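Enquirer: Okay, here's the structure, questions in a sec.
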Amino acid sequence: MALYDLQHVRNALTPLLNRPGRPLTPGDLEPYDQLHYLGQRALDHAVERLCVKPGAEVVDIGAGLGGPARYLADRYGCRVTAVELQPELHELSEELTALCGLDDRVRAVRADALTLGGAEWSQRYDHLVSLLAILHIPRREALFGVCRDLLRPQGTFCIEDFYARRPLTDGERSDLAGLVACPYLPEEARYRDDLTRAGFTDVVWTDVTDLWTPWVRDRAEAFRGGYEERVRLHGEPLAGRLLRFYGAVSALFAGGGVGGVRITGRRD
């Protein structure tokens, strides 16, 4: 997925990484390391909904560049395990965490979330978060079973994800698979059923499509409006890929087939 090509992230971060003086903070990095929508606002909402307390053990599934993990550790005093499969994202995440001085509270783990079964991981965490990562993982039954096992009894979760608001067209499915790395997108009833069968209760489904649709539209328009500068910074091939990606996501939401959801619940 073009968003995960780290050339554009490193290009944008160069002025910060070369800046003398004070160390980096999660606030400095927010424009670059929050790969979900609405940045740190989304995390503030998750903390409020889950009643996260200082010292809580949190696991982030699909942690990307570690931005959510660093923010939760720095702002709310959590101890966070950031699980990311892609090696380039994992390595930059570790680098940025060290530059922020948060190594003692954020542990980056490079792993496939589906492999996190077993005694080392079981019933270890008070809370689980996953922000725009589950859409990349089609094996929902296996994934939600692992997520349940990671949580202590009565542990809670917050997921932000895409879902299908109606049957998707062939073109929508093609764009999701080819440009968004989303090979499978269930409708609400199937999504809820998968969570229930995995052993989650008190599931609250909040449709955030109306919140996300203008956000992805504005992101695409801002990138298009500054395209010449993006080409200068990133080069034509990468800038073109990002333009297609942002435009496709905006069109998917505008077309009404793809929606956004925030889901909370707890392990039984």
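The values are calculated or read from the model by the stated rules, or taken from the named source; none is laboratory data. Here the structure is a predicted model, which means the values were calculated and not measured. Glycine gets a Cβ as well: all are built from the backbone with ideal geometry, and neighbour counts include every protein chain shown.
Residues checked against (1) part of a helix (DSSP H, G or I); (2) of a type outside the set (D, E, K, R); (3) in contact with a helix residue (DSSP H, G or I) (Cβ under 7 Å, 6 or more places away or on another chain); (4) within 17 Å of ARG262 (Cβ to Cβ):
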site	(1), (2), (3), (4)
ASP126	no, no, no, no
LEU135	yes, yes, no, yes
ARG166	no, no, no, no
GLU172	yes, no, yes, no
ALA181	no, yes, yes, no
THR213	yes, yes, yes, yes
ARG217	yes, no, yes, no
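Enquirer: Same structure again: What number of residues in the range 171-196 are surrounded by fewer than 19 Cβ atoms within 10 Å (Cβ to Cβ) and within 26 Å of ASP5 (Cα to Cα)?
Expert: Number of matching residues: 8.
Enquirer: Just one of the numbered conditions (1) surrounded by 18 or more Cβ atoms within 10 Å (Cβ to Cβ); (2) touching a Gly at 6+ places or on another chain (Cβ under 9 Å) is not true of LEU50; which one?
Expert: The failed condition is (2).
Enquirer: Could you grab me the full set of residues in the range 220-262 that are over 29 Å from VAL203 (Cα atoms) and touching a Lys or Arg at 6+ places or on another chain (Cβ under 8 Å)?
Expert: Within the range 220-262, PHE223, ALA239, LEU242, LEU243, TYR246, GLY247 qualify.
Enquirer: Still on this structure, I have one more. Looking at the range 12-91, what helices (runs of 4 or more DSSP H) fall wholly within it and have at least 1 residues that are under 13 Å from ALA108 (Cβ atoms), in contact with a strand residue (DSSP E or B) (Cβ under 8 Å, 6 or more places away or on another chain) and among the β-branched types (Val, Ile, Thr)?
Expert: Hits in the range 12-91: none.
Enquirer: If you check TYR71, TYR37, TYR76, which single one turns out to be among the aromatic types (Phe, Trp, Tyr), crowded, with 19+ Cβ neighbours inside 10 Å and modelled with pLDDT of 95 or more?
Expert: Result: TYR71 is the single residue among TYR71, TYR37, TYR76 that is among the aromatic types (Phe, Trp, Tyr), crowded, with 19+ Cβ neighbours inside 10 Å and modelled with pLDDT of 95 or more.
Enquirer: Only one of LEU92, LEU99 is crowded, with 20+ Cβ neighbours inside 10 Å, closer than 20 Å to GLN40 by Cα, modelled with pLDDT under 95 and not charged (D, E, K, R); which?
Expert: The unique qualifying residue is LEU92.
Enquirer: When both residues are 6+ apart or on different chains and their Cβ atoms are under 6 Å apart, which pairs have a first residue that lies in the range 194-219 and is more than 19 Å from ARG41 (Cα to Cα), and a second that is crowded, with 16+ Cβ neighbours inside 10 Å and among the aliphatic types (A, V, I, L, M)?
Expert: Close Cβ pairs (under 6 Å, with a partner that is crowded, with 16+ Cβ neighbours inside 10 Å and among the aliphatic types (A, V, I, L, M)) amount to VAL203/LEU195.
Enquirer: Cβ-Cβ under 9 Å, sequence separation 6+ or interchain: first residue in the range 1-23 and under 15 Å from GLY67 (Cβ atoms), partner of a type in the set (S, T, N, Q) and surrounded by 14 or more Cβ atoms within 10 Å (Cβ to Cβ). Which pairs?
Expert: Pairs found: TYR4/GLN86.
Enquirer: Among the residues of the range 149-160, how many are surrounded by fewer than 22 Cβ atoms within 10 Å (Cβ to Cβ) and either over 19 Å from VAL47 (Cα atoms) or under 16 Å from the mean Cα position of the chain (by Cα) (or both)?
Expert: Number satisfying all stated conditions: 1.
Enquirer: Any residue in the range 130-141 that is among the hydroxyl-bearing types (Ser, Thr, Tyr) sitting within a Cβ distance under 6 Å of a residue that is modelled with pLDDT of 95 or more? List the pairs, counting only those 6 or more apart or interchain.
Expert: Within 6 Å, the pairs are SER130/ILE61; SER130/GLY62; SER130/ILE159.
Enquirer: Something else about it: Kindly evaluate THR213 against the criterion of being within 21 Å of the chain's Cα centre (by Cα) and β-branched (Val, Ile, Thr).
Expert: Spelling it out, THR213 is indeed within 21 Å of the chain's Cα centre (by Cα) and β-branched (Val, Ile, Thr).
Enquirer: Out of the range 197-225, which residues are among the aliphatic types (A, V, I, L, M) and surrounded by fewer than 14 Cβ atoms within 10 Å (Cβ to Cβ)?
Expert: Scanning the range 197-225 gives VAL204, ALA222.
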